[in-house]
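What follows is a single structure, written as C-alpha cells, with notes after it.
Read-outs throughout are calculated quantities, based only on the coordinates presented, and are distinct from any laboratory measurement. Given the structure is predicted, the values throughout are model-derived calculations rather than measurements. With ideal geometry, Cβ positions are generated from the backbone for all residues, glycine too; neighbour counts draw on all protein chains shown.
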Amino acid sequence: MIAVQVRNVELEQLAGGCVSAQIYQGAEPVRCPPVLLYFHGGAFMRTGLEECPLARCFAATGAIVVVPDYNAPFGGVFPKPMEVGFSIFSALAKKCAGFGERKSLLIVGGEESGANIAAAVALKARDNFAGELDGQVLASPLLDPFMGSPSFRNSDDIGMRQRWENGWAHYLSGGICHPYAAPTLCSRLHDVAPALVLASDDDPLLDEAKDYARHLTDAGVPVHQHILPAGTGWPSIYGGDTGQASSWQDPVGSHFLSFTRELGTRYARLET
C-alpha cells in the first residue's frame, strides 16, 4: 500500500454544471492507474465532502478515486443523484476531466446508498451502450426499498434501521420505483460491467449484497464476491455503530487490487 494524498476539486463540463469532489491519489505515480468514480454513503441524504475511508483504501492500491458531492446540485431524490453520477461518468469516459491515462480502467463504485447509485450508473451505461465502463465495486449496497431481508433485521443493532427507512422514503419521494432506483428489482442484468461485491458476516446489508451478486452471476456477469468475517468493524464504513476497531483495510485493498488486475487482463485479451 502507498501513501495517499487528498485534494478538493471542481468537476466541470458536466450536464448539470459543476460538482465539488475529493480526489484520493497515491503520493507515488502509478503507470496507467485505474480511475474509480466512487459514491459515498449516507442513506441518500448526505451532502458535503468528508473523509471516505474506502476511497483512501482503494487509492492506496494505486487507483485514482474521485468522490463527488453528487447530492448537492439537485438534492437526493431519484433520479437526480443518479443523473449527476452518470454525467460525471460520461465526463470521465471522455477523458475530459484530466484523470488517468487513455488506457486507464474506468470503474464506478460506492458504499451503502452510494453503491445503489453506482449500480444504477452501471445499468444506465449498459443501456446507453457506454462501453467505456470496465467494472463496478459495490460495498454493502443498499438496494432493496422493502428492507425485508433476514440480515436487515440486525440493523437496529448498529443504529441504522430508522436512518435507512428515512433514507428510502426520501429517495423515492418522487413517487417512482424504477429499476435504476432499486437495482435489486431489475430483471435485466445481462451485459452490465463485471462487479466486485463486498460485505461482512455482521453486516445488515449482507443479504442484499449476496442476492444482487447472485442475480448478476445468473445473468452471466463476472462477479467477485468477498464476505469479511464478523468483527472487522466493516459496518462503520456507512456509519454503523459497531464498537469495534476497523481491521478491514488490508483484505479489502487486496480484493480491489486483484479485481482491477483481472479487469486489466480481461480487457487486454478483448483487444487482441
Exercise. Spin-label point model (7 Å from Cα, Cβ direction): what's the LYS103 to ASP241 distance in nm?
Worked result: 5.1
For this session: Could you work out the local net charge near CYS186, counting Lys and Arg as +1, Asp and Glu as -1, over the other residues with Cβ closer than 14 Å to its Cβ?
Result: -2
Problem set entry | Of all DSSP beta bridges in region 4-271, antiparallel share, percent nearest 5 | 35
Problem set entry | Sequence-distant residues sharing a close amide H with SER200 (under 5 Å, placed H) | LEU228
Seminar exercise, completed: Sorted by chain and number, the residues with a modelled amide H under 5 Å from that of HIS224, at a separation of 5 or more or across chains, are ALA195, LEU196, VAL197
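Counting only complete DSSP H runs, which helices of the chain cover 27 Å or more along their long axis at the Cα atoms and score a mean Kyte-Doolittle of -1.0 or above?
249-271
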